[in-house]
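The values are calculated or read from the model by the stated rules, or taken from the named source; none is laboratory data. These numbers were taken from a predicted model, which means no experiment stands behind them. Quick reminder, even Gly has a Cβ in these numbers, built from the backbone with ideal geometry, and neighbours come from all protein chains shown.
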Amino acid sequence: MTQERRHGTGRITVRTYEPTPYDQPPEGPVLSRIHVEEEFSGDIEGTGVVEFLQAQVSEDAASFVGLERLSGSVGGRSGTFLLQDQGTLRGTTVSGDWFVVPGSGTGELAGLRGEGGFNAELGQGADITLDYWFE
């Protein structure tokens, strides 16, 4: 039985940001792996660790994907779950969408499903949303 959807909001504060290029051709986009550790506050609380793969297509534009494990709580329930991210950098604006990887929830977050996104100015914390429910 699917429960009612809830709308969660919050903020991310980045604690660690470690980019490492892994392919730098003479022409074309540079490919990098970026290790990020962050803190979540608001309706989603806890810590996250994520690995992004990013293609830097110009000086001020990039596309990225990532997988993140969040340890904490959502709507007062605690456990861990995975978020799958995709997004872009345009100028100084970072934005993207994410969804809860089905079957990834543990503890009281078993059965968690959801989708949302994030917006940030480069180097700043992100405003986040997650519309979520439990199966």
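Among residues of region 20-40 that are under 17 Å from Ser58 (Cα atoms), those with a Cβ under 6 angstrom from a residue that is assigned to a loop (DSSP other than H, G, I, E, B), sequence gap 6+ or separate chain, pair up as Val30/Gln24. Out of all the residues in region 107-134, which are in contact with a Gly (Cβ under 6 Å, 6 or more places away or on another chain) and either exposed (fewer than 14 other Cβ atoms within 10 Å of the Cβ) or free of Cβ contacts under 8 Å to residues at least 12 places away in the same chain (or both)? Residue satisfying the conditions is Gly107 alone. Here region 98-123 is the region considered, the condition is being in a loop (DSSP other than H, G, I, E, B) and under 18 Å from Glu51 (Cα atoms), and the residue that is modelled with the lowest pLDDT is Gly123. Checked against the criterion of being of a type outside the set (Asp, Glu) and at positive phi, the candidates Gly91, Gly125, Gly105, Gly66 yield just one match: Gly91.
Against the conditions (1) touching a Gly at 6+ places or on another chain (Cβ under 6 Å); (2) free of Cβ contacts under 8 Å to residues at least 24 places away in the same chain; (3) within 20 Å of Arg15 (Cβ to Cβ), Asp97 satisfies every one except (3). Residues considered: Ser104, Ser73, Ser63. Of these, the only one that is under 24 Å from Gln3 (Cβ atoms), touching a Leu at 6+ places or on another chain (Cβ under 9 Å), surrounded by fewer than 18 Cβ atoms within 10 Å (Cβ to Cβ) and not acidic (Asp, Glu) is Ser73.
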